[in-house]
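Working notes, structure below.
Where a number appears in this text, it was derived from the coordinates with a stated rule and is not lab data. Just so it is clear, the model here is predicted, and its values are computed rather than measured. Reconstructed Cβ throughout: ideal geometry from the backbone, glycine too, with neighbour counts over all protein chains shown.
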Amino acid sequence: MDKTKNYFVIHNFNTVPTDLLEYCENYIIYDCSSDESVKEKLHSKNLNVKEIDNTGHNITTYFSYFDENYDNLPEVIALLKGNIIGRHCSKEFFNEVYDNKSFTFLYDEKQYWDKYAKFDSDNQRNDIGNTFLAMENIYVEKNNSWYVESPNHPKRYFNDTDDLLRFIYKKPMIPQYYMFSPGACFIVRREQILRHPREFYRNLNKIMNYGIAPDFPSEAHQIERLLPIIFTSFGEVNDWMNDEEAFAAILPKCSEYIQYKYDNRPRRFKKLRQALGLIS
């Protein structure tokens, strides 16, 4: 197996991802493990490891890497979790795509093909439900933000993904379905990342890194659905997304707004919703 020149950015938690290192020439492991024996193994192998705080998910790691290396990003980057093989894709699938030079969803679960295909193994037509596969590695989910009601993933700033999408972009198209990569693993190109300034990624991280109580914030689930849009959309972002001072001023208003639903007090909060770009 030839090693790829794609740079591997590996978010790691309680695993020793040496299997991934067999695929690449260069890498960095951002480790947030709680298991001390894992930490010892990583350092004993003299791996390129940077210890980080655990935010409960991997997206803040990727955005931090973009920020820290913004002026010297590799041409092609694989955004990975240490346990991606066997957790989010098969080894066979990874073998086929690890050297891709174009935007790639790193997700593959063949056990669901029969369930999500147009016809099942008995040649019976499947109905389109809340989830399906658009391609073998592209997962599609109905835009109903079902996960925001989970008590394990509290929300502080946004009631649902639609609110967050309107907060990021000026007059975005709100899709009926989101296509994304469960686990938030991708191959991305440098020019995709550079379409946004580093302040954009810093600000997005502020939405997702406010704690684990009891698990990571709902906003991380929301941004997971939006990553393909962030990497590919030509939509114009709101000015505060590229300005840390303006962002810091408006974000507390999101906390105020989220305490109320649209139907509960629509008149009182109309001006606030307008200020946040949630209504026109």
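Results, tabulated for the structure shown:
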read-out	value
Distance violations [Cα-Cα > 32 Å] among LYS3/LYS118; LYS5/LYS41; LYS3/LYS41; LYS39/LYS170; LYS81/LYS206; LYS41/LYS91	LYS3/LYS118; LYS39/LYS170
Alpha-carbon centroid distance for the pair the range 157-216 / the range 44-120, whole angstrom	16 Å
Considering only the range 7-275, percent of DSSP beta bridges that pair antiparallel, nearest 5	55 percent
Distance cut-off 26 Å, percentage of C-alpha pairs in the range 7-275 lying past it	46 percent
Net length gained if the chain between MET1 and GLU68 were fully extended (0.36 nm per residue, minus Cα distance)	21.0 nm
Cut-off 15 Å between beta-carbons: net charge of the residues surrounding LEU106, Lys and Arg +1, Asp and Glu -1	-2
Gain in span if fully extended, LYS118 to LYS50, counting 0.36 nm per residue against the direct Cα distance	20.0 nm
Axial C-alpha extent at least 15 Å, average Kyte-Doolittle at least -1.0 - helices from the chain (DSSP)	218-232, 244-257
Segment GLU22-GLU75, length gained on full extension (0.36 nm per residue, minus Cα span)	17.1 nm
Anchor LYS155: aspartates and glutamates whose Cα lies under 14 Å away (excluding residues fewer than 8 positions away in-chain)	ASP163, ASP215, GLU219, GLU256
